[in-house]
Amino acid sequence: MRLVEGTRLYMPVLIAIAGGLRRGEILTLRGQDIDLESGSAIITRSLEQTTEGLRLKQPETERGRRTVVFPRYTLDALRIHRKEQATRWLALGPA
(Lines give C-alpha, C1' and ligand atoms only; values in the text may rest on other atoms or scores of the structure.)
Protein backbone atom coordinates (compact mmCIF):
# COMPACT_ATOMS: atom_id res chain seq x y z
CA MET A 1 0.00 0.00 0.00
CA ARG A 2 2.84 2.37 0.72
CA LEU A 3 3.92 2.21 -2.93
CA VAL A 4 0.65 3.79 -4.08
CA GLU A 5 0.00 6.06 -1.10
CA GLY A 6 -0.41 9.65 -2.27
CA THR A 7 -1.09 8.63 -5.88
CA ARG A 8 -4.27 8.35 -7.92
CA LEU A 9 -4.07 4.57 -7.54
CA TYR A 10 -4.42 4.64 -3.76
CA MET A 11 -8.23 4.54 -3.55
CA PRO A 12 -8.76 1.84 -6.20
CA VAL A 13 -6.06 -0.34 -4.63
CA LEU A 14 -7.44 0.23 -1.13
CA ILE A 15 -10.98 -0.64 -2.26
CA ALA A 16 -9.71 -3.75 -4.06
CA ILE A 17 -7.82 -5.00 -1.02
CA ALA A 18 -10.33 -4.02 1.67
CA GLY A 19 -13.47 -5.07 -0.20
CA GLY A 20 -12.23 -7.83 -2.46
CA LEU A 21 -13.58 -6.07 -5.55
CA ARG A 22 -12.48 -6.92 -9.06
CA ARG A 23 -11.01 -4.31 -11.41
CA GLY A 24 -14.21 -4.03 -13.49
CA GLU A 25 -16.30 -3.56 -10.34
CA ILE A 26 -14.03 -0.81 -9.02
CA LEU A 27 -14.13 1.04 -12.34
CA THR A 28 -17.94 1.22 -12.26
CA LEU A 29 -18.27 2.06 -8.57
CA ARG A 30 -19.96 5.44 -8.05
CA GLY A 31 -20.18 7.62 -4.98
CA GLN A 32 -23.88 6.84 -4.64
CA ASP A 33 -23.05 3.12 -4.43
CA ILE A 34 -21.09 3.68 -1.21
CA ASP A 35 -22.88 4.37 2.06
CA LEU A 36 -20.37 5.81 4.50
CA GLU A 37 -22.85 5.59 7.38
CA SER A 38 -23.35 1.84 7.10
CA GLY A 39 -19.83 1.28 5.80
CA SER A 40 -20.96 -0.69 2.79
CA ALA A 41 -21.01 -0.59 -0.99
CA ILE A 42 -23.53 -2.17 -3.33
CA ILE A 43 -21.99 -3.96 -6.32
CA THR A 44 -24.46 -4.05 -9.21
CA ARG A 45 -22.36 -3.77 -12.37
CA SER A 46 -18.94 -4.33 -13.86
CA LEU A 47 -16.90 -3.14 -16.81
CA GLU A 48 -15.93 -5.71 -19.40
CA GLN A 49 -13.46 -5.42 -22.26
CA THR A 50 -14.69 -6.97 -25.50
CA THR A 51 -13.36 -7.00 -29.04
CA GLU A 52 -15.63 -4.00 -29.76
CA GLY A 53 -14.38 -2.06 -26.73
CA LEU A 54 -15.60 -1.55 -23.17
CA ARG A 55 -19.15 -2.29 -22.03
CA LEU A 56 -21.05 -2.27 -18.77
CA LYS A 57 -22.52 -5.56 -17.69
CA GLN A 58 -24.63 -6.89 -14.86
CA PRO A 59 -23.12 -9.56 -12.63
CA GLU A 60 -23.81 -13.00 -14.05
CA THR A 61 -24.86 -14.56 -10.75
CA GLU A 62 -26.68 -13.51 -7.59
CA ARG A 63 -23.38 -13.85 -5.72
CA GLY A 64 -21.96 -11.21 -8.07
CA ARG A 65 -24.68 -8.75 -6.98
CA ARG A 66 -23.66 -8.12 -3.42
CA THR A 67 -23.10 -5.71 -0.60
CA VAL A 68 -19.51 -5.31 0.57
CA VAL A 69 -18.74 -4.01 4.05
CA PHE A 70 -15.53 -2.01 4.35
CA PRO A 71 -13.28 -1.79 7.41
CA ARG A 72 -13.10 1.51 9.27
CA TYR A 73 -9.72 2.57 7.81
CA THR A 74 -11.18 2.31 4.31
CA LEU A 75 -14.21 4.41 5.26
CA ASP A 76 -11.94 7.06 6.79
CA ALA A 77 -9.91 7.16 3.56
CA LEU A 78 -13.11 7.38 1.48
CA ARG A 79 -14.34 10.35 3.54
CA ILE A 80 -11.06 12.17 2.97
CA HIS A 81 -11.18 11.27 -0.73
CA ARG A 82 -14.70 12.68 -1.10
CA LYS A 83 -13.64 15.97 0.52
CA GLU A 84 -10.63 16.22 -1.79
CA GLN A 85 -12.83 15.48 -4.81
CA ALA A 86 -15.28 18.22 -3.81
CA THR A 87 -12.41 20.68 -3.46
CA ARG A 88 -11.10 19.77 -6.93
CA TRP A 89 -14.58 20.11 -8.47
CA LEU A 90 -15.02 23.56 -6.92
CA ALA A 91 -11.60 24.65 -8.19
CA LEU A 92 -12.60 23.65 -11.73
CA GLY A 93 -15.55 26.04 -11.67
CA PRO A 94 -18.91 25.71 -13.44
CA ALA A 95 -17.46 25.15 -16.91
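The values are calculated or read from the model by the stated rules, or taken from the named source; none is laboratory data. A quick note: this is a predicted structure, and the numbers were derived from the prediction, not measured. Here Cβ is always computed from backbone atoms with ideal geometry, including for glycine, and neighbour counts include all displayed protein chains.
Taking into account only those residues within the range 28-38 that are touching a helix residue (DSSP H, G or I) at 6+ places or on another chain (Cβ under 8 Å) and not β-branched (V, I, T), which is nearest to A77 (Cα to Cα)?
L36
Within the range 1-33, how many residues turn out to be among the small types (G, A, S), free of Cβ contacts under 8 Å to residues at least 40 places away in the same chain, surrounded by fewer than 12 Cβ atoms within 10 Å (Cβ to Cβ) and under 17 Å from P71 (Cβ atoms)?
0
Among the residues of the range 51-65, count how many are free of Cβ contacts under 8 Å to residues at least 12 places away in the same chain and surrounded by 10 or more Cβ atoms within 10 Å (Cβ to Cβ).
2
So that you can scan it fast, the table gives a plain yes or no per residue for (1) touching a helix residue (DSSP H, G or I) at 6+ places or on another chain (Cβ under 8 Å); (2) assigned to a helix (DSSP H, G or I); (3) modelled with pLDDT under 95:
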| site | (1), (2), (3) |
| --- | --- |
| E5 | no, no, yes |
| R8 | no, no, yes |
| V13 | no, yes, no |
| L56 | yes, no, yes |
| G64 | no, no, yes |
| R82 | yes, yes, yes |
| P94 | no, no, yes |
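Within the range 34-46, work out how many residues are surrounded by fewer than 16 Cβ atoms within 10 Å (Cβ to Cβ) and not in a loop (DSSP other than H, G, I, E, B).
Residues in the range 34-46 being surrounded by fewer than 16 Cβ atoms within 10 Å (Cβ to Cβ) and not in a loop (DSSP other than H, G, I, E, B): 2 in total.
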